[in-house]
1. Sort largest first and round to whole Å: the equivalent ellipsoid semi-axes of the range B:361-493, each the square root of five times a Cα gyration tensor eigenvalue.
2. Based on alpha-carbon positions alone, could you give the equivalent ellipsoid semi-axes of chain A from the gyration tensor, as √(5λ), descending, whole Å?
3. Taking only C-alpha pairs under 8 Å that are 6+ residues apart, what is the relative contact order of the range B:230-348 in percent?
4. Could you line up B:423, A:87 from fewest to most neighbouring Cβ atoms inside 10 Å?
5. What's the center-to-center distance, using Cα atoms, between the range B:149-221 and the range B:245-280 in Å?
6. When the C-alpha atoms of chain B are aligned to their principal axes, what extent does each axis show, in angstrom, from largest down?
7. Treat the count of other C-beta atoms within 10 Å as a stand-in for reagent exposure and order A:85, B:455, B:370 from fewest to most.
8. Once you wrap a convex hull around the alpha carbon atoms of the range B:310-376, what is its projected area averaged over all directions, in nm²?
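The numbers here are math on the coordinates, done by the rules we state, and not lab data. Everything quoted here is computed from the prediction, not taken from an experiment. All Cβ positions, even for glycine, are placed from backbone atoms using ideal geometry, and neighbour counts span all protein chains on display.
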């Protein structure tokens, strides 16, 4: 996949986002992303020196609830949506480490 | 015989209180209407009729025993498919959540259950609330009850269509950049985006966490206030929910025995919103007529400026995708949701599950968000957008020194036809009037104002108030609703 004319490396971004894209989808996205990024680049017209960034509309900090013991969600209810389990006890996942690394 | 299409929460509460109808009769009537209309409208992704009738019968038993949980015990409400209800599906109209069953109730759902309301069906939406037409649903096209060739808007289009078609009494939607107000306008109903933090987001599947809010989609302004009274409040499970009290007796109490007068209220007209190009003549006419109606109520109009309006869409389309790309990282094919059968190791589990599970618009936003957050671009795009967000917030703070509420159109045109906006950028720009207030955290309401004389489709007006000043929105919107020339704006279905 070639980088787009704006320099958007679609393959690199897809790898970062953990998305498998077909070559056709990647090519289409390159054009669409260029178009959208081209639009949002209007923000570079503005002088934002000295302006603090806003992360949340209503800034709040250190919101802590009372430390009261309670029951959490039941194990089996949380596992009910897992794509695969080991004996309804654990989430089953594909191999994570290569076998020689396990020694 | 009651008219299901026009029946409101307050109307249903009265019928139930006077024992003119039981909840079971009411819910059965709606189920019958849903069965008749859904082939045309397709507003709902799922509906468990057995559960609806069981809830209704429990409500009737409570009422018969004198133990009703309040005036709305037994009144049906429809829920957007991104808000969790324990034991019910929650797909967000995405293949990646096909078959998912929610293990817990969202806080808003717990509150509706505590009020005895009957949860009736899950409404279609754009996948993960990304879109303005419901065309991004992975499952079905919802049709606009006013003209089934047209979209209902989005992303809360299923909720809007269900209310407009009279398939339910009221619905909940969610709004990140207009997703309640735009479909409300397209379908001729009332849609409220509460102040950020007014309503708990616990159990709302996150799209852009600093922008998302749940809100009511209703047949009138009174119901909007009644529903906000039920769902508002701080929640220890949402650290961004605000410790703000609702007014004594609730927002709705102030609207009872209401004399429609807006004497003393200053309404700001932001010049930048009226300079936007491409606004349909019919929308301009409805908007101008609405100004006259509000003037006749005694409101004083003042010219204001929101100088950074031009930049709000660009700011939104950096911040919302950035937050979405982080939030949607949780869909990894491991603990829940779709896992690709083609995957054979951990990386391909992520890549294939996500690549196959997400639809094109969601992939577009994740890619865009990942790009603006990636090394080398973070400061140029994301941090700059956050700084522009500060400027947009300041625009509103300054404007509200000159006026109590701000008046704008909701959308540049009435509902468009399926496939009409196939270019993503063109679709994004249909939200030009609605996104700025999410960035600022203000509250806003869309109220039907009339029919566009050219398209014969409903057009709304938007009122915006400062953070936590929903009471001003309700007062102005209720006065307008009681005074507008077209008393009843009801879909033909």
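1. On the way: eigenvalues 201, 110, 19 Å².
The answer is 32, 23, 10 Å, longest axis first.
2. 39, 31, 14
3. Relative CO of the range B:230-348 lands at 24 percent.
4. Working: B:423 10, A:87 6.
Ascending number of Cβ neighbours within 10 Å: A:87, B:423.
5. 18
6. 63, 54, 44
7. On the way: A:85 13, B:455 18, B:370 24.
In increasing order of surrounding Cβ atoms, one gets A:85, B:455, B:370.
8. Reported value for the Cα convex hull: 5.3 nm².
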